[in-house]
Amino acid sequence: MWIYALHRLLYAIPIALGVSVICFALVYLAPGDPVQSLIPADATEEDIAAIKRLYGFDKPLVFQYFDWLGRALTGDLGTSLQTNRPVLEDVTRAFANTLAIALIAVTLAFAVAFTLGTLAAYNVGRPIDRIATSISTVGVSVPNYWMGIVLVIVFAVNLRWLPATGMGATGSENFDWLDWDSLKYAVLPVVTMAMIPLGVVTRSTRSAVADILSQDFVQVLRAKGLSNTRILVHAVKNALPQILAVMGLQLGYLIGGSILIETVFTWPGTGLLMSKAILTRDIPLLQGTILFLALTFVLINLIVDLLQTLVDPRMSRA
Amino acid sequence: MTAPLLDVRGLTVRFHSRRSSATAVDDVSFSLAAGEVLCIIGESGSGKSVTMRALMRLLPERRAEISGRIGLDGNDVLSLGDRALNALRGDTVSMVFQEPMTALDPVFTIGDQIAETVRRHRGASRAEAEARALELLKLVRIPSPERRLRAYPHELSGGLRQRAMIALALSCQPKLLLADEPTTALDATVQIQVLVLLKRLQAEIGMGIVFVTHDLGVAAQIADKVAVMYAGRIVEYGPARDVLLDPRHPYTIGMLSSTVRGQPRDRDIEAIPGSPPDLAALPPGCAFAPRCRFAVDACRAALPPVEEVGPGRSARCARLAAARPAAAAAAPA
């Protein structure tokens, strides 16, 4: 088990490096010149060259990459071209904001989806199964930005129960989980965010548990005289690696922040930060944000892999 | 004479699907005294496994309709509530399945799976149940049992898994063990080991066994009584010695003469022509008639009644007299 954990950890290093190359290169694949947005229209050739030198844009790409990587490893993701603040500072603040709603959303979505999916698997073809399947289909197929807008119209505009946008009265205050005045701003984004993972996890839990329940050993469990609850424990433990894999991916997507949802609700998280960086061609900010999120994704995958091995001993042999 | 351990009367199992329904087990009756071994013999699809599952009510309740009477150790199995049924399963009656590779839960250790049953039925503590599990692994002769207790099923060979499965079935000292082709999926050498083990355990513990097989050699080894099934019905029933040495039903005769038993190399093995019938469309008369060389119009018109053919012996055939000389010819000299 520990050897396997170490292996996985070592595998994560080349993955992280690959991710960093892609993050760096992606930005250069996009059309346009980052310097253009920084300089006034009447700047001279020398001015442009000076600015390029200042930011290191005059060196070959490979050198730029290693410079960038070297600094990134020490925690320096550069300075934002627009605000001149350290990128790391902006990213961590936005990340904390995204995390605040993403964690509530996944906890809710996973709890409901897991229960619904398991119930549906136990009652294939019965009404509860039909309800669960409908909910998951809606969750997966309704576009979440549209869902967000509809929720705003109903609960903020018509009913006036909840605020429509922002994080706090002035737009972006510190988020406090325990204070309703702060928490109420999170309700609509959380509900919108939870829809997709709710659908996806319900569906995969249903199919994973139903698949396990149809296997031979379940009949042996019944022949042992075990109660339905006890059989459920067996079924869930068997289905768990598969469910964890799906949950890990969904958690990764949510923590990455949804550009669409955060834009609809002007929630100052990583999604909004990234869209700002793209629109203003703020390359260091964009690279830094993508790198930070991609590494978080790698980390989540690593954790999911290790959890799967804990649950299913056959995994560590693969 | 005391009441038999297992008494099955007119057991019938019908499977319903949206389009059709099929009678997998039709009016099956047999009984078993404590400590006796009954072998149910038949080819695939003859209803032997379904009979076994019906005895424990393991068939899917929404699709399988079970009727008749199953008396087990003073309980009327078919009228028990879920709770009482679960108390019986794994305790008074337990089952060993055909496929050891898929019968154990892959994510729990062997020890946990055995201990779970002990704790369920005996209310034992974790430590007591584990001690019992170790004892059972020793009983079924699994080498280095302490290590195997913590092993997962995928870490054991097929033979060892089947031994573990037997240990699991024996964990609460059942009065009746249902063994559904427990040796079929194993290598020939392992098959014999498992068979010898079962026979020895049966003698030691004194439990009754219903043993399903399609292998007549296995039946001859272990059985006190034999029931031959064809298309969901018992066609011949009686003491193992009598039935195997002096078969009366044309199907049993055909089956016995189609086993390889030191025939000269140049003589063909007599196979039964044709193949088993479709259970959803059984003929009105004897189901074996289309393949039977003694069949007459009466066989095809109506189901022949069960006839006593000796002490504790019966056969369901209208042409017993005609089949008799052939049986004598087929019997080993």
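Please identify the pairs in which a residue from the stretch B:173-192 that is more than 23 Å from B:L88 (Cβ to Cβ) has its Cβ atom under 6 Å from the Cβ atom of a residue that is surrounded by fewer than 18 Cβ atoms within 10 Å (Cβ to Cβ) and among the small types (G, A, S), counting only partners at least 6 apart or on another chain.
B:L186/B:G158
Checking A:R160 against (1) of a type in the set (K, R); (2) buried (at least 22 other Cβ atoms within 10 Å of the Cβ); (3) out of contact with any helix residue (DSSP H, G or I) (no Cβ under 8 Å at 6 or more places or on another chain), which test does it fail?
(2)
So, in the stretch B:108-150, how many residues would count as being among the polar types (S, T, N, Q) and away from chain A (no Cβ under 11 Å)? Let's see the steps before the verdict.
Taking the stretch B:108-150 as the starting set, the residues that turn out to be among the polar types (S, T, N, Q) are B:109, B:113, B:117, B:125, B:144.
Cutting the leftovers down to away from chain A (no Cβ under 11 Å) gives us B:125, B:144.
Qualifying residue count, the stretch B:108-150: 2.
Please state which one of B:V37, B:V93 is away from chain A (no Cβ under 13 Å) and either among the aromatic types (F, W, Y) or under 19 Å from the mean Cα position of the chain (by Cα) (or both). Break it down stepwise before answering.
Numbers: B:V93 fails: away from chain A (no Cβ under 13 Å).
Going through B:V37, B:V93 in turn, just one is away from chain A (no Cβ under 13 Å) and either among the aromatic types (F, W, Y) or under 19 Å from the mean Cα position of the chain (by Cα) (or both): B:V37.
Could you tell me whether the stretch A:77-91 includes any residue that is assigned to a helix (DSSP H, G or I), more than 24 Å from A:I51 (Cα to Cα) and not acidic (D, E)? Give the derivation first.
Here is the first cut: in the stretch A:77-91, the ones assigned to a helix (DSSP H, G or I) are A:87-91.
Filter once more, so that each one left must be more than 24 Å from A:I51 (Cα to Cα): A:91.
Those left that are additionally not acidic (D, E): A:91.
Within the stretch A:77-91 (the criterion being assigned to a helix (DSSP H, G or I), more than 24 Å from A:I51 (Cα to Cα) and not acidic (D, E)), the answer is yes, since at least one residue qualifies.
Quick one: would you say A:L178 is over 28 Å from B:D82 (Cβ atoms), outside any helix (DSSP H, G or I) and among the aliphatic types (A, V, I, L, M)? If you could, list the steps in order and put the result at the bottom.
Numbers: over 28 Å from B:D82 (Cβ atoms): yes; outside any helix (DSSP H, G or I): yes; among the aliphatic types (A, V, I, L, M): yes.
So A:L178 passes the test.
Test of understanding: among A:V209, A:V220, A:V201, which residue is within 12 Å of chain B (Cβ to nearest Cβ) and either over 30 Å from A:S141 (Cβ atoms) or not hydroxyl-bearing (S, T, Y) (or both)?
Details: A:V209 fails: within 12 Å of chain B (Cβ to nearest Cβ); A:V201 fails: within 12 Å of chain B (Cβ to nearest Cβ).
Result: A:V220 is the single residue among A:V209, A:V220, A:V201 that is within 12 Å of chain B (Cβ to nearest Cβ) and either over 30 Å from A:S141 (Cβ atoms) or not hydroxyl-bearing (S, T, Y) (or both).
Residues that are in contact with a Gly (Cβ under 8 Å, 6 or more places away or on another chain), closer than 30 Å to A:W2 by Cα and either outside any helix (DSSP H, G or I) or away from chain B (no Cβ under 14 Å) (or both): does the stretch A:255-270 have at least one?
yes
Only one of (1) more than 12 Å from B:I41 (Cα to Cα); (2) in contact (Cβ under 8 Å) with a residue 60 or more places away in the chain; (3) among the β-branched types (V, I, T) fails for B:V235. Which number is that?
Only one criterion is unmet by B:V235, namely (1).
Looking at B:G71, B:G47, B:G81, which is the one that is over 30 Å from B:E155 (Cα atoms), away from every other protein chain (no Cβ under 14 Å) and surrounded by fewer than 18 Cβ atoms within 10 Å (Cβ to Cβ)? It would help to see each step written out before you state the result.
Numbers: B:G47 fails: surrounded by fewer than 18 Cβ atoms within 10 Å (Cβ to Cβ); B:G81 fails: away from every other protein chain (no Cβ under 14 Å).
Selected residue: B:G71, the only one of B:G71, B:G47, B:G81 that is over 30 Å from B:E155 (Cα atoms), away from every other protein chain (no Cβ under 14 Å) and surrounded by fewer than 18 Cβ atoms within 10 Å (Cβ to Cβ).
Among the residues of the stretch B:16-75, write down those that are free of Cβ contacts under 8 Å to residues at least 24 places away in the same chain and more than 28 Å from B:L198 (Cα to Cα).
Once the filter is applied, which keeps residues that are free of Cβ contacts under 8 Å to residues at least 24 places away in the same chain and more than 28 Å from B:L198 (Cα to Cα), the stretch B:16-75 yields B:R18, B:R19, B:P60, B:E61, B:R62.
How many of the residues making up the stretch A:65-99 are of a type in the set (F, W, Y) and at pLDDT below 85? Write out each step before concluding.
So in the stretch A:65-99, the residues of a type in the set (F, W, Y) come out as A:65-66, A:68, A:95.
Next, from what is left, pick out any that are at pLDDT below 85: A:68.
Going through the stretch A:65-99 one residue at a time, the tally reaches 1.
Can you tell me which residue in the stretch B:174-197 is nearest to the other protein chains (Cβ to nearest Cβ), limited to those that are farther than 16 Å from B:T213 by Cα and modelled with pLDDT of 90 or more?
Checking each candidate, the answer is B:P174.
Quick test for you: out of B:A22, B:A87, B:A54, B:A103, pick the one residue that is more than 14 Å from chain A (Cβ to nearest Cβ) and either assigned to a strand (DSSP E or B) or at pLDDT 90 or above (or both). Spell out how you get there, then give the answer.
Numbers: B:A87 fails: more than 14 Å from chain A (Cβ to nearest Cβ); B:A54 fails: more than 14 Å from chain A (Cβ to nearest Cβ); B:A103 fails: more than 14 Å from chain A (Cβ to nearest Cβ).
Checking each option against the conditions leaves just B:A22.
Go through A:V187, A:V191, A:V200 for me and flag whichever is over 30 Å from A:A235 (Cα atoms) and touching a helix residue (DSSP H, G or I) at 6+ places or on another chain (Cβ under 9 Å). Spell out how you get there, then give the answer.
Details: A:V191 fails: over 30 Å from A:A235 (Cα atoms); A:V200 fails: over 30 Å from A:A235 (Cα atoms).
Every option except A:V187 fails the conditions.
State all residues of the stretch A:142-175 that are touching a residue at least 12 places away in the same chain (Cβ under 8 Å) and in a helix (DSSP H, G or I); if no residue qualifies, say none.
Of everything in the stretch A:142-175, those that are touching a residue at least 12 places away in the same chain (Cβ under 8 Å) and in a helix (DSSP H, G or I) turn out to be A:N144, A:Y145, A:M147, A:G148, A:I149, A:L151, A:V152, A:F155, A:A156.
Return the residues of the stretch B:278-302 that are more than 24 Å from the chain's Cα centre (by Cα) and among the small types (G, A, S); say none if nothing qualifies.
If the condition is that a residue be more than 24 Å from the chain's Cα centre (by Cα) and among the small types (G, A, S), then B:A281, B:G285, B:A289, B:A295, B:A298, B:A301, B:A302 are the ones that fit.
For the subset of the stretch A:264-308 comprising residues that are hydroxyl-bearing (S, T, Y) and buried (at least 19 other Cβ atoms within 10 Å of the Cβ), which member is nearest to the chain's Cα centre (by Cα)?
Going through the stretch A:264-308, the residues hydroxyl-bearing (S, T, Y) turn out to be A:266, A:270, A:275, A:280, A:289, A:296.
Those left that are additionally buried (at least 19 other Cβ atoms within 10 Å of the Cβ): A:270, A:289.
Numbers: A:T270: 10, A:T289: 13 Å.
So, considering only residues that are hydroxyl-bearing (S, T, Y) and buried (at least 19 other Cβ atoms within 10 Å of the Cβ), the one nearest to the chain's Cα centre (by Cα) is A:T270.
Of everything in the stretch A:223-252, what is at the interface with another protein chain (Cβ under 7 Å from one of its Cβ atoms), out of contact with any Ser or Thr (no Cβ under 6 Å at 6 or more places or on another chain) and not small (G, A, S)? Give them in sequence order.
Narrowing the stretch A:223-252 to residues at the interface with another protein chain (Cβ under 7 Å from one of its Cβ atoms): A:223-227, A:234, A:237-238.
Remaining after also requiring out of contact with any Ser or Thr (no Cβ under 6 Å at 6 or more places or on another chain): A:223, A:225-227, A:234, A:237-238.
Once the filter is applied, which keeps residues that are at the interface with another protein chain (Cβ under 7 Å from one of its Cβ atoms), out of contact with any Ser or Thr (no Cβ under 6 Å at 6 or more places or on another chain) and not small (G, A, S), the stretch A:223-252 yields A:L226, A:H234, A:K237, A:N238.
Identify, please: which residue in the stretch A:197-253 is among the basic types (K, R) and in contact (Cβ under 8 Å) with a residue 12 or more places away in the chain and is, among those, surrounded by the fewest Cβ atoms within 10 Å (Cβ to Cβ)? Lay out the reasoning, then the answer.
Looking only at the stretch A:197-253, we keep the residues that are among the basic types (K, R), and these are A:203, A:206, A:222, A:224, A:230, A:237.
Add one more test, that the residue is in contact (Cβ under 8 Å) with a residue 12 or more places away in the chain, and what stays is A:203, A:206, A:237.
Numbers: A:R203: 22, A:R206: 24, A:K237: 16.
Top of the filtered list is A:K237.
Please find, among B:L160, B:L156, B:L134, B:L176, the residue that is touching a strand residue (DSSP E or B) at 6+ places or on another chain (Cβ under 9 Å) and among the aliphatic types (A, V, I, L, M).
Working: B:L160 fails: touching a strand residue (DSSP E or B) at 6+ places or on another chain (Cβ under 9 Å); B:L156 fails: touching a strand residue (DSSP E or B) at 6+ places or on another chain (Cβ under 9 Å); B:L134 fails: touching a strand residue (DSSP E or B) at 6+ places or on another chain (Cβ under 9 Å).
The match here is B:L176.
The values are calculated or read from the model by the stated rules, or taken from the named source; none is laboratory data. Computed from a predicted model, the values in this text were never measured in an experiment. Because the Cβ atoms are built from the backbone with ideal geometry, glycine has one as well, and the counts that use them run over all protein chains shown.
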